[in-house]
1. What accessible area, in Å² to the nearest ten, does a 1.4 Å probe give for Leu35?
2. Mind grabbing the base-10 log of I(q)/I(0) for region 1-65 at q = 0.21, 0.22, 0.25, 0.29 Å⁻¹? Debye formula, identical points on the C-alpha positions, no solvent, two decimal places.
3. Which residue fluctuates most in the GNM of the chain (Cα springs below 10 Å): Thr31, Thr48, Thr100?
4. Ordering Lys89, Lys111, Lys94 by accessible area with a probe of 1.4 Å, largest first, what comes out?
5. Assuming R0 = 35 Å, what is the FRET efficiency of Ala123 and Ala19, from their Cβ-Cβ distance, to the nearest 0.05?
6. Would you mind counting up the charge near Lys82? Only other residues with Cβ under 11 Å from its Cβ, with Lys and Arg at +1 and Asp and Glu at -1.
7. Please report the carbon-and-sulfur percent of the accessible area for the chain; probe 1.4 Å, protein heavy atoms only, DNA, RNA and ligands left out.
8. Where the centroid of each part is defined by its Cα atoms, how far is region 64-95 from region 1-52 in Å?
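The values are calculated or read from the model by the stated rules, or taken from the named source; none is laboratory data. Here the structure is a predicted model, which is why all the values come from computation and not from measurement. Every residue, glycine among them, receives a Cβ derived from its backbone with ideal geometry; neighbour counts consider all protein chains shown. With ligands, DNA and RNA removed, areas are computed over all heavy atoms of the protein, side chains included. Shrake-Rupley method; radii C 1.70, N 1.55, O 1.52, S 1.80 Å.
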Amino acid sequence: MAHVAIRREHRTNRRALRATLRRRTAETRATRRALRAVATGTPQPVRTRLVAAGLDDATAKRFAGAFSRGLVADDTRETDIKLKGRVRKTVAVKLFAARTFAARLATYRPKDNAFAARFELLAVAA
């Protein structure tokens, strides 16, 4: 009976290791993609700029909407988003130049103290 528990524990451990590897790979790819996009010098969405500045993709996605709220975009583009089923919708995406992004990053702080500290570190590094 002990060998069953050991096998189960081994399987759980391997599953956790694979999940960690997938997460790290996804984060690395998102960061490289964002850095390449920002290096072009063209206006980019807030999420891309936040990832390129050093924030992880999940946090960047979480705060992108609040970060850009009330901010005048330098440019806009249209993109399709997927809704339920096969339904798609075309939406406008705000694009920001490096100067506009840096100015907003210097002043934006979320209410959560932990995230506010991360944004403050990003502002200092930029």
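1. Its accessible surface works out to 90 Å², give or take rounding.
2. -0.80, -0.85, -0.97, -1.12
3. In the Gaussian network model the winner is Thr100.
4. Numbers: Lys89 110, Lys111 200, Lys94 80 Å².
Most to least solvent-accessible, the answer reads Lys111, Lys89, Lys94.
5. Working: r = 32 Å, r/R0 = 0.92.
Calculated value: 0.60.
6. Values: positive: Lys84, Arg86, Arg88, Lys89; negative: Asp80.
That sum, taken over residues with Cβ under 11 Å, equals +3.
7. Values: 5050 of 9360 Å².
C and S atoms contribute 54 percent here.
8. Centre-to-centre (Cα) distance: 24 Å.
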